[in-house]
Every structure is written in structure tokens, then in C-alpha cells.
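Visitor: Let me give you the structure first, and then I'll get to my questions.
The values are calculated or read from the model by the stated rules, or taken from the named source; none is laboratory data. Keep in mind that what you see is a predicted model, and the values were worked out from it rather than measured. Cβ atoms come from the backbone with ideal geometry, glycine included; neighbour counts cover every protein chain shown.
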Amino acid sequence: MSQVKQENNINLCIPLPLCVINNQGKVIDANEHIGDVFIYDAIVDADIFTLTGIKATDLYTAAEEDTHPLLKRNEKVFRLIAYLMGDEPDSNLGIIFNDVTGMEELKDRYNSEKPCVAKIQVDNYDQLIDSSGPAPKLGLSSQIDQTIRKWAAKMSASAARIKGSNYVVWFEQQYLEKLIAAKFDLLDEVRALETGADFPASLSIGIGVGGRTLTQTEEYADAALDLALGRGGDQAVVKRNIKIEYYGGKLQTVEKSNKGKSRIVGHALKQLIDQSKKIFIMGHRYPDMDSFGASLGIMRLCCLSDKEPFIVIDEFNESLQAIYKQAKESDNYKFITSEKAVTMAEPEDLLIVVDTHRPSLVQCRQLLDICERIVVIDHHRKVEEFIENPVLAYMESYASSTSELVAEILQYMTSKKVLLRLEAEALLAGMTVDTNGFAVKTGVRTFEAAAWLRRQGADPTEVKRFFQEDFYNIKLKAMAISSADIYDNGVAITTCQQVMPDAQLLCAQLADLLLTVKGVKASFVVGRNDEMKTVISARSLGAVNVQVIMEKFGGGGHLTTAAAQVETSIDETVSKIMEIMEVNK
């Protein structure tokens, strides 16, 4: 005992605040400098957790792992250096309180003054200016410019205008949290401007944070802006290394009136097809009508170049049974499994991915690794997980469906009738499903594409036959609708408790049905598929961005149409939706 006391006395001579605790966390001794840390007269016999908020076990772990917790006391910051005072694991513990206030203040100042960059683009700038009429053109452009510069001035930022619609703003990191707290109110300010056009002005903002160099920070901003644009604009995306955050996204994507890009993409795609020996076409797992219709459309484009592509498909929802059977029996299409595709594929082959851009969702992930030339055609809002380095990417979130994009591409390949009747009907069916019968996300170009498909031989009556359902499913829908809860804020939630292979389709149809109920602004339907995963379908009339909500569950989609799959139970998932939407039973 006297030896331990002697060791304590030796340690207490250190000219830094120091105390000794036992393995119960009680302070058994302290030196005279400990008053620099604690304002109490005496701390002997006090509990270390009560004094510091740090558990004794954590301090013993810190001593073992040579880590140093920080403690803030008396407007100072101390780094705790813990060490065992004996050979046994439960020996007394010495704790030195090293004053690092100056160093921490310097670190905080360094972090707060780090440069961040915002890349800003005015969405649909040319269309916006042209639609505002000759007189207001300069006025609107000047208003947008003043709004952006006033926003930058609040942060003492450097703002430079590049061309008419692009800005680069450099600012210090200390302002970033304020921007996030304000939910990037610049988006609201620009949206509130009077444009004279039939749609409001909006911005896409990409912010790069925390790059090791200015060049890397700017690369982060470019990637963030690309994501904001790919998700339809009217939002800010913050990229901190691998972490990405989204803000805004209140507007429905404005349809682009210029079809020039479709023509350019069409010719570029045909050139890639002409140069390829083997071509594989695939959509997402459990393909829906849009994915299947787009695949048949791309297959016909390949046939125009005298190529015989392979459509990769393993399994499909019950809703595709009728059209898939018809396509299979016609012998006009080569359907192969993922397993077969992997054995056939070579690096020089062309892979065309439709209706998704996420590697985790494609029908065959291995094909992405084998084929060096990949084309992506998709209408979903872009997420951070996307197929890397495609040779051609046609991603337009304004489009109603991938079938619409493929139909436009086909229009520019020839003026003749190019589609077989089944292909035209498959594309029209894809558009019908993704627009909920041409009721949502439908623009002028959607109807023009549908009219072209009608001229190509698509019969709307036959298309309707593809959507016929079993009577059992209709009864399930009736039960789910009758048990739906509709809350005061216009949110409707219901569940489908039966385990079904086509649960996602059934939930999607139910979510669409709930939107027809008077007073409902957003609907959520939760079910369970045969893989024992919980599926969520979300719909809205535009007031609620269901895409952002589904992204919190690992899913995605569009402002008014989104979905997700999760591992949690149906009841747990419903509870989380209610928490996010701030509704109570």
C-alpha cells in the first residue's frame, strides 16, 4: 500500500493537472493543478463520470488503446492522457489533463476557413428566357443574377458568372451549416421570381466540400451538380468526399421542347451498334412494362443495323406474363438468362442498360464488369450509385418513361414503319404504366411519342389487355383500400399483409388508387414479396417529394412516383413512414 502511495506522489509532481482513479471510477488523489480543470474545492472520492461525463471503463480502454478523449471545461479544452499505474489490468489509472485549447481553436479556425465551391446552373435557361417574351428577357436574367450575387454576398463569397446560366461561388466552410439550416433558401428565392413563362425559374446547385486540394473540391462540386441536374434540377447537392446530401427538389421536372438530343443520341447509339459484334440488352431485376417495352424497342433498333441482340431476363412480375409469352412465342426475340449471358459476353461486346442506372438493380451485375462498352438509357432521377464510365448515357428525368425516350430515338432512325405491332404496343404499355394512364408526369412529347406509336400499329385495346388482373388481386386491393388510414395532412397509408411475388406491382397500383381519393396528397402502400422483403410504393400529386422520402429507405424514383425495398417488417416500416411524414394514429 505504501508503494502505491509512493507511486501516486511521484506522478502527482507532474506540472500538469492530474488525478488518480481506482477501477471503480472513484478519484483517490489529485495534484494542485487539478483546479485548472475543475472549479470544485476537492474532487477526491468523486466519481470520474460525474466530473467528466466519461465512463471509467472508457478511460481504461483509452489507456489500453492509446487514445485521448477530449474534455471541455472552464472555456478550455483538455486532451486526457490515461495510463495504468500498475501491471494489473485493474490497477489504478492516472489521468493527465493536457490543455490543448489553443490547438483546438486553431483547428476549428482551419476547418471553418476551408474553401468550399458551389457550381450553380439555371435550369432550362434558354427555354426560360425565350418563354418570358422579348421585353422581360434582360430583366429576368438580371433578377436571377442579382439574387445569386446577393446570396453570395451574405457569405463574403466570390461569385463569377460563366456564360449566361452558370455560376461559380467560392466561400468558407463556416457558412455551409447555415446554408443547410436555411435549406438553401436561394432555391425558394429564385423560384419566387416572376418569369412570364408557364413554369418558374429554378436552380441546380452542386457544392464540393473537404477536398484535399482546390482541384479535388471543384471536382466534388462538378459531381454534385451533375447529380442535381440528373435528378431534375431545383435542388442542391452537397458532396463531402463519399458522403452526399440532397436538399430541395420541390418542382416537377420541366419538359424540354427541343428534341435535338434525342436525334444525336439515336445516331450515336446506331453507330455503336454498327460497330458491335454481339449486343446485350437488359433492364432492372423483375422488369416492369417500361423496362420490357424499352428492351423490345432497342432490339428493333439493333435489327435496323442487321444485328441480332440478346435480351437478358431471368424472372419477371406476373404483370408481364401475357406480353412476355406473346413475345417468346413469336420467335422474333432472343431471350437469354444472366447465366447464359455471362458465358457468352466478351469485353468488346456492347451492353445497353434500360430503365435503371444503378448497378445494384440491373438484371445481371456481372455483365457490367465484363463489357467495356456500356450504354445507359433511363428516365429516373440520378442517384450517387450509378454505372461508371458509360460510353453513352441518355438520362432525362423530365421524360415520362424510358419507353418514351426509346420511341423518340426510333423516330429519327427512319421515316418508314419500323416497329412490329407487339413492339409498338409494348412501348405504349410502358408509357401507360409509368404515367398512370397518361395522368401524371405527362408532357407534350409524351403524347407525341404515343401518337407515333399509334401510327406504328399500337392498339390501345390490346394494351389494356396486358393490364388485366386476377379477381383475387382485385379483392386484395379492395381490402387494402378499405383499411387505409387518411390523415389530416393529406397522407394516406395502407398495407397489404399477404406475401406475394408481385407485391411491388400490387402496392404501386394501390398507391395510384389512393391518390384518386378526395383530399389525399400523398399515398404510401407497404407490402411483402416472396423474398420476404418489405416493399414500399409512394405516390404524390406534387406537393410532397416522395423521391426524397424513399431515398431514406434506400430507394428512389421521381418527385411524384417512388419506391423502395427494406428488410424491416411491415409494421416497423409504416411507423417510420409516419414518423417522417409527422402523422399520428
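Visitor: Here's a check for you: in the range 188-213, which residue that is among the β-branched types (Val, Ile, Thr) and assigned to a strand (DSSP E or B) is farthest from Asn111 (Cα to Cα)?
Guide: Among them, the one singled out is Ile205.
Visitor: Then there's this: Given the options Val463, Val525, name the one that is assigned to a helix (DSSP H, G or I), touching a Leu at 6+ places or on another chain (Cβ under 7 Å) and buried (at least 22 other Cβ atoms within 10 Å of the Cβ). Give the steps one after another, and end with the answer.
Guide: Values: Val525 fails: assigned to a helix (DSSP H, G or I).
Only one candidate qualifies: Val463.
Visitor: So is Ala236 at pLDDT below 90, of a type in the set (A, V, I, L, M) and either touching a strand residue (DSSP E or B) at 6+ places or on another chain (Cβ under 9 Å) or crowded, with 21+ Cβ neighbours inside 10 Å (or both) or not?
Guide: In short, no.
Visitor: Got at least one residue in the range 116-130 being of a type in the set (A, V, I, L, M, F, W, C), modelled with pLDDT of 90 or more and over 26 Å from Gln216 (Cα atoms)?
Guide: Within the range 116-130, none of the residues are of a type in the set (A, V, I, L, M, F, W, C), modelled with pLDDT of 90 or more and over 26 Å from Gln216 (Cα atoms).
Visitor: If we keep just the residues of the range 332-356 that are of a type in the set (A, V, I, L, M) and outside any helix (DSSP H, G or I), which is surrounded by the fewest Cβ atoms within 10 Å (Cβ to Cβ)? Don't jump to the end; show me each part of the working.
Guide: Just the residues of the range 332-356 that are of a type in the set (A, V, I, L, M), to begin with: 336, 341-342, 344-345, 350-354.
Imposing the further condition that a residue be outside any helix (DSSP H, G or I) reduces the set to 336, 345, 350-354.
On the way: Ile336: 18, Ala345: 20, Leu350: 24, Leu351: 27, Ile352: 29, Val353: 34, Val354: 32.
Filtering first and then ranking leaves Ile336.
Visitor: Restricted to the range 301-340, and to residues that are of a type in the set (Ser, Thr, Tyr) and touching a residue at least 60 places away in the same chain (Cβ under 8 Å), which residue is farthest from Val362 (Cα to Cα)?
Guide: Step one: filter the range 301-340 for residues of a type in the set (Ser, Thr, Tyr), giving 305, 319, 324, 330, 333, 337-338.
Checking the rest, the ones that are also touching a residue at least 60 places away in the same chain (Cβ under 8 Å) come to 319, 330.
Details: Ser319: 19, Ser330: 26 Å.
Ranking the candidates gives Ser330 first.
Visitor: A further question follows. Can you name the number of the only condition in (1) under 17 Å from Val491 (Cα atoms); (2) modelled with pLDDT of 90 or more; (3) not hydroxyl-bearing (Ser, Thr, Tyr) that Val566 fails?
Guide: Among (1) under 17 Å from Val491 (Cα atoms); (2) modelled with pLDDT of 90 or more; (3) not hydroxyl-bearing (Ser, Thr, Tyr), the lone unmet condition for Val566 is (1).
Visitor: Determine which member of the set Ser401, Ser415 is at pLDDT 90 or above and either out of contact with any Leu (no Cβ under 9 Å at 6 or more places or on another chain) or surrounded by 22 or more Cβ atoms within 10 Å (Cβ to Cβ) (or both).
Guide: One residue alone meets the criteria, Ser401.
Visitor: When Ile28 is evaluated against the numbered criteria (1) part of a loop (DSSP other than H, G, I, E, B); (2) modelled with pLDDT of 90 or more; (3) surrounded by fewer than 18 Cβ atoms within 10 Å (Cβ to Cβ); (4) of a type in the set (A, V, I, L, M, F, W, C), which criterion, by number, is the only one it fails?
Guide: Among (1) part of a loop (DSSP other than H, G, I, E, B); (2) modelled with pLDDT of 90 or more; (3) surrounded by fewer than 18 Cβ atoms within 10 Å (Cβ to Cβ); (4) of a type in the set (A, V, I, L, M, F, W, C), Ile28 violates only (1).
Visitor: Another question about this same structure. Take the residues in the range 149-166 that are assigned to a helix (DSSP H, G or I) and surrounded by 13 or more Cβ atoms within 10 Å (Cβ to Cβ); name whichever of them is farthest from the chain's Cα centre (by Cα).
Guide: Out of the qualifying residues, it is Arg149.
Visitor: How about the range 467-476: which of its residues are surrounded by 12 or more Cβ atoms within 10 Å (Cβ to Cβ) and modelled with pLDDT of 85 or more?
Guide: Scanning the range 467-476 gives a single hit, Leu476.
Visitor: State which residue pairs qualify: first residue in a strand (DSSP E or B) and at pLDDT 90 or above and inside the range 482-493, second residue polar (S, T, N, Q) and surrounded by 13 or more Cβ atoms within 10 Å (Cβ to Cβ) in any location, beta carbons under 6 Å apart, and separation of 6 or more residues or different chains.
Guide: Ala492/Ser523
Visitor: Given the residues Cys496, Cys507, which is the only one that is hydrophobic (A, V, I, L, M, F, W, C), touching a Gly at 6+ places or on another chain (Cβ under 8 Å) and not in a strand (DSSP E or B)?
Guide: Cys507
Visitor: Another question, then. Scanning for something assigned to a strand (DSSP E or B), over 25 Å from His379 (Cα atoms), over 22 Å from the mean Cα position of the chain (by Cα) and at pLDDT 90 or above, does the range 528-546 turn up at least one residue?
Guide: yes
Visitor: Hey, another quick one. Yes or no: Ser112 among the hydroxyl-bearing types (Ser, Thr, Tyr), modelled with pLDDT of 85 or more, exposed (fewer than 13 other Cβ atoms within 10 Å of the Cβ) and in contact with a strand residue (DSSP E or B) (Cβ under 7 Å, 6 or more places away or on another chain)?
Guide: no
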